[in-house]
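Laboratory data are not the source of any read-out in this text; all were calculated from the coordinates shown. None of these values were measured; they are calculated from a predicted model. Here the Cβ positions follow ideal geometry from the backbone for every residue, glycine too, while neighbour counts run over all protein chains shown.
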Amino acid sequence: MTQQFTPADVLLIFDLDGTLNQTEATFLPTMKAAFAQHGIPYVGDTTILKQVGETFPDFLRWLAGQGFPDDTDALAAEISRYEFESIAASGELYPQVEEILRDLKKRGFLLAICTNGDLAYTRAVLGKFDLFDLFDGIKTFGDSQQTKTEMIAELLGQFSPTRSFMIGDRYHDFIAGRANGCTVVATTYGFAADGEADEADVCIDRFGDLPAVVSRFAPLGYS
């Protein structure tokens, strides 16, 4: 007999950038402003977007290699200022993210965030759309210095779900979800390189496909 679930049995863990947040809408203007401020030739949108999903310390080290100053604290503050201004002005979620998250929450699913960003950034992105309080748990690298594998393990320990999903777009998400026994859902509309999502259990080309995936792997959990 096929195992059946109630929504309260199911934990949906979401990456932020490239999964919920349409990061290019704010990250590209931010980085163009930063490169211009320091008089460094812009490396191009494609190169910048390859950095989405990396931890901020790793990104700052990459920027140092592009000629940015070694004062990482000042550079981090500058980039954060540009980013928060850009989020407020032009931040966007992917299509159907807001309505589907609200519906999942209304139905009683457990929702969590696991991101390599920090809490202030997460609050800025989700808060713009009044979504921050929808999430039962939020784990960020910037505030814990933990890997995604460690953060997901803590979320599973906190909620003890019968079935868990890790929904994300980069290899960090897939590795961490797999290590913790989650059903791994790759969002192919995000920033993964070709072949990066091959280890996922299922790929979705738009966020609107997620409810059907949840229903497939957690029967009767979403209808």
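Starting from the amide H of VAL202, placed 1.01 Å from N in the peptide plane, find each other amide H under 5 Å away whose residue is 5 or more places distant or on another chain.
Excluding prolines and chain starts, which carry no amide H, the hits are VAL184, ALA186.
Counting pairs of alpha carbon atoms under 8 Å apart in space and at least six apart in sequence, what relative contact order in percent does segment 24-90 give?
Result for segment 24-90 is 51 percent.
Take the Cα gyration tensor of segment 1-52, multiply each eigenvalue by 5, square-root it, and list the three semi-axes largest first, rounded to whole angstrom.
Rounded to whole Å, the semi-axes are 41, 10, 7.
Using alpha-carbon pairs under 8 Å, 6+ residues apart, how would you state the relative contact order of the chain in percent?
Value for the chain: 29 percent.
Quick one: angle between helix 148-159 and the longest Cα principal axis of the chain, in degrees between 0 and 90, rounded to 10, please.
Between the helix axis and the principal axis of the chain, the angle is about 40 degrees.
Starting from the eigenvalues of the Cα gyration tensor, five times each then square-rooted, give me the equivalent ellipsoid semi-axes of segment 73-168, largest first, whole Å.
After diagonalising the Cα gyration tensor, the semi-axes are 25, 19, 9 Å.
Would you kindly derive the ³J(HN,Hα) couplings of segment 172-178 from the backbone phi angles with the Karplus curve 6.51 cos²θ - 1.76 cosθ + 1.60 (θ = phi - 60°), listing them in order in whole Hz, with x for Gly and Pro?
4, 5, 5, 5, 5, x, 4
Need one number: nm distance between label points at GLU199 and GLN37, each 7 Å from Cα along Cα→Cβ, rounded to one decimal.
3.6
Given Cβ point charges of +1 (Lys, Arg) and -1 (Asp, Glu) and nothing else, what value in debye, to the nearest 20, does the dipole of segment 24-90 about its Cα centre take?
160
Across all directions of projection, what mean area in square nanometres is found for the Cα convex hull of the chain?
11.8
Counting only helical runs of four or more DSSP H residues, what would the 222 nm mean residue ellipticity of the chain come to if each run contributes -39,500 (n - 2.57) and the total is spread over all its residues?
-13500 deg cm²/dmol
May I ask you to list the residues of segment 146-160 whose amide nitrogen lies under 11 Å from a point 7 Å from Cα along the Cα→beta-carbon direction of ARG178?
Inside the label zone: nothing.
List the aspartates and glutamates whose Cα lies under 13 Å from the Cα of LYS50, skipping any in the same chain that are fewer than 8 positions away.
Candidates past the 8-residue exclusion: ASP17, GLU24, ASP58, ASP169, ASP194, GLU196.
When only alpha-carbon atoms are used, what values of Rg and Dmax, in angstrom, describe segment 24-90?
11.0, 30
Once both labels are modelled 7 Å past Cα along the beta-carbon direction, what's the GLN51-ASP130 spacing in nm?
Using points 7 Å along Cα→Cβ, the separation is 3.5 nm.
Please state the charge dipole magnitude for the chain, taken about the Cα centre, from unit charges on C-beta atoms (+1 on K and R, -1 on D and E), reported in debye and rounded to the nearest 20.
Dipole size: approximately 540 debye.
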